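Report on the structure given below.
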């Protein structure tokens, strides 16, 4: 069987497994989406949005869709991948399957932190109102996910509630030999004046060819505040396409901060739209790659209403034969006067074989707006390295110091100290910074 | 302490130093003066270990050790310090972090444990005071947005923190107003003792009013062509370099 046939079979199997337990509208959404995907197939380089990034090699693999042998994962196996020293909610998924015993859930009339499946049972109205409403099923991989996904995280925060703890979501993959495809799906709903912070991590434990096709929908109400940190720290044998859709109401703020440290192929599609004025969107990312890894960031910010602000800060450090892509599109529609849209993409190429393709796209149809984009590609500053060396800092440490400093300002929006420490340490480790970086 | 013999240096095929000789002992202050393009900054960069320069001949010894094949950081660990004419801005690295790393790397190289945070803090406070620096300095990124005077003071602050045996001050006076000049000079004088040495590279006499040199050397066309005491600097200030050029022609 080829992949398309396998997927068709797998879709049928899913249908019989669910056996009509889902709502009619969801069943229809699934089948509509699957038909669309079948018609479109996987994206190819012919598609403008996929010009620099080819899924070809990945989709040719012999994926195994047989049901997974449940893997014995203990709390201590996953502990290193969670933020330490912090009281938090935890949603743990092993090979795409929700693991209740390793998770720390929470729910009352103010909020719900659990799995999507649970959510569908316990809060069907909320799910019906929000599920599948933001994700663009005219993108074939989003359509595929919408058809096939039935596991993922669901976080709901009611009006005026500030969630007391960080929500940590960990997707662990334990496969080693067979190639696996994962369809994970998250839904985050913040009602007006709600607040939540989420840390989502994808982590392989073994060198298996895992391809995660993940979709996240985040609905951020009026005056709500949302922060979503994503860590993609897999083996370089893992691949991932993450499509995240954020909708923001008036006076809200939302941050998506992406840390991409490895992967055979990682594609992040980040889509922001505003439904009310004076909303503020932040997109930060730090990409640190080596080997033959490829990370492709595609962002699209749709300014359709006036007085909104978007800030994008994408930084990358590429070593060996790694490759980066940044494609940042900002649309300012006719009525979106007083829009502030900023975009910055700074890159360091550490080897003659690493590369970055960067493409800012501004489409502006309003006349009273402030939009800017900037892009730099460079090497480490020789003068600064010599300066540090003359102070006794060895070249290797000096380089690490400079890279760390370069990456540093993408960490500024992290306000939870434990999370910040965790992410700083990870960045430092990736950069092999063997320095005591905390202030004395 | 420092012995430079017959040093010849090129950059991209241009001969800059052409057989330079210089000897410095502990407790001495030497001023190197000379017209633009004479090779003053090249000399300081080569002593500090800058790689772009090609040494085509001669030797540099520091405390009886040949340092020619040493990396800049190894030279720093021996106690050589270069204050830059144009200190480099390093966004994202705070002065505190930087100096702490520098000190502890030097200590590591000499098998010492890291300096306890308390001692480090105290030393930083003392040296900050010596150089009349604002407290906020410490948390700012190195040299980023610093004024010319602040950058130079920061150089001398680092020197004070690192206690070098040989400090090379490359045009430390350029871009300083009178007050900053006084503060910087005062800082250097306080740090000066019988066990260290200072090389002052300058165009002008004015820094030498504050830091009195034991020797003044004139660097011209890649060589030291004249050596005298502080009066030589005064004569250069008064008469310029034309008379040196005349002498060289003869």
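Can you find even one residue in the stretch B:60-67 that is more than 20 Å from residue B:162 (Cβ to Cβ), assigned to a strand (DSSP E or B) and at pLDDT below 95? Looking through the stretch B:60-67, none of the residues is more than 20 Å from residue B:162 (Cβ to Cβ), assigned to a strand (DSSP E or B) and at pLDDT below 95. Assessment of the stretch A:121-143 against the conditions (surrounded by fewer than 15 Cβ atoms within 10 Å (Cβ to Cβ) and at positive phi) yields no matching residue. Annotation: of all residues in the stretch B:135-148 being assigned to a loop (DSSP other than H, G, I, E, B) and out of contact with any helix residue (DSSP H, G or I) (no Cβ under 8 Å at 6 or more places or on another chain), the one that is farthest from the other protein chains (Cβ to nearest Cβ) is B:147.
A single member of B:175, B:187 is touching a helix residue (DSSP H, G or I) at 6+ places or on another chain (Cβ under 7 Å) and in a helix (DSSP H, G or I), and it is B:187. Taking residue B:74 as the residue in question, decide whether it is touching a residue at least 24 places away in the same chain (Cβ under 8 Å) and facing chain A (nearest Cβ under 8 Å). No: the conditions fail for residue B:74. Checking each residue in the stretch B:210-250 for being free of Cβ contacts under 8 Å to residues at least 40 places away in the same chain and in a loop (DSSP other than H, G, I, E, B) picks out B:229, B:240, B:250. Just one of the listed residues (A:423, A:350) is in contact with a helix residue (DSSP H, G or I) (Cβ under 9 Å, 6 or more places away or on another chain) and either within 14 Å of chain B (Cβ to nearest Cβ) or buried (at least 18 other Cβ atoms within 10 Å of the Cβ) (or both), namely A:423.
Residue A:414 satisfies every condition listed in (1) surrounded by 15 or more Cβ atoms within 10 Å (Cβ to Cβ); (2) at pLDDT below 95; (3) not in a loop (DSSP other than H, G, I, E, B) except (3). Taken as a whole, the structure places residue B:22 among residues that are buried (at least 17 other Cβ atoms within 10 Å of the Cβ), in contact (Cβ under 8 Å) with a residue 40 or more places away in the chain and assigned to a strand (DSSP E or B). If the condition is being assigned to a helix (DSSP H, G or I) and either within 8 Å of chain A (Cβ to nearest Cβ) or without any contact (Cβ under 8 Å) to a residue 40 or more places away in the chain (or both), then the stretch B:77-98 contributes B:77, B:96, B:97, B:98. Screening the candidates B:127, B:65, B:151, B:123 for the property of being more than 9 Å from chain A (Cβ to nearest Cβ), crowded, with 18+ Cβ neighbours inside 10 Å and farther than 29 Å from residue A:407 by Cβ yields one hit, B:127. Among the conditions (1) touching a strand residue (DSSP E or B) at 6+ places or on another chain (Cβ under 6 Å); (2) within 27 Å of residue B:168 (Cβ to Cβ); (3) away from chain B (no Cβ under 11 Å), residue A:399 misses just one, which is (1).
The values are calculated or read from the model by the stated rules, or taken from the named source; none is laboratory data. No experiment lies behind these values; they were computed from the predicted model shown. Please note: Cβ atoms are built from the backbone with ideal geometry, for glycine as well, and neighbour counts cover all protein chains shown.
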